[in-house]
Amino acid sequence: KKKIFDTCGDRDSLTDSVISTMLSQNTTAANTREAFRRLKEEFPTWYKVAELPATNLTKLENTIKVAGLAKTRAERIHKILCTLQEERGEPSFHYLRDMSDEDI
């Protein structure tokens, strides 16, 4: 039996999938792809996003603005990655792969 998180759609990791999903809300597929492409180009690791100061997310906002709602999306993406970093030691949802569907 496959677990819920055995696949991540078209993305390389659970974290990529979650961030891509956040970018996809209320925008087109083309804008989502472009925003995600730019995001991964500008910030090759999620650590780079988590390292940004919460008081200055302008670079992140500019990177994803093609998807719209850049300020809100940047704040939420940054907050999620920082929370993962603080609570799990890395800005990643990878730990979920070791959990059962019931535990999730």
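Key figures
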read-out: Condition met for ALA30 (of a type in the set (A, V, I, L, M, F, W, C) and within 15 Å of the chain's Cα centre (by Cα)); value: no
read-out: Count of region 22-34 residues which are open to solvent by less than 80 Å² (accessible area, probe 1.4 Å) and part of a helix (DSSP H, G or I); value: 8
read-out: Matching helices (runs of 4 or more DSSP H) fully within region 35-104 where at least 2 residues are within 11 Å of the chain's Cα centre (by Cα) and surrounded by 13 or more Cβ atoms within 10 Å (Cβ to Cβ); value: 46-50, 70-88
read-out: Search result, residues across region 16-33 that are closer than 10 Å to ILE64 by Cβ and among the hydrophobic types (A, V, I, L, M, F, W, C); value: ILE19, MET22, LEU23
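The values are calculated or read from the model by the stated rules, or taken from the named source; none is laboratory data. These figures come from a predicted structure and were not determined experimentally. Quick reminder, even Gly has a Cβ in these numbers, built from the backbone with ideal geometry, and neighbours come from all protein chains shown. Quick note on the areas: whole protein, heavy atoms, side chains included, nothing else; ligands and nucleic acids left out. Shrake-Rupley method; radii C 1.70, N 1.55, O 1.52, S 1.80 Å.
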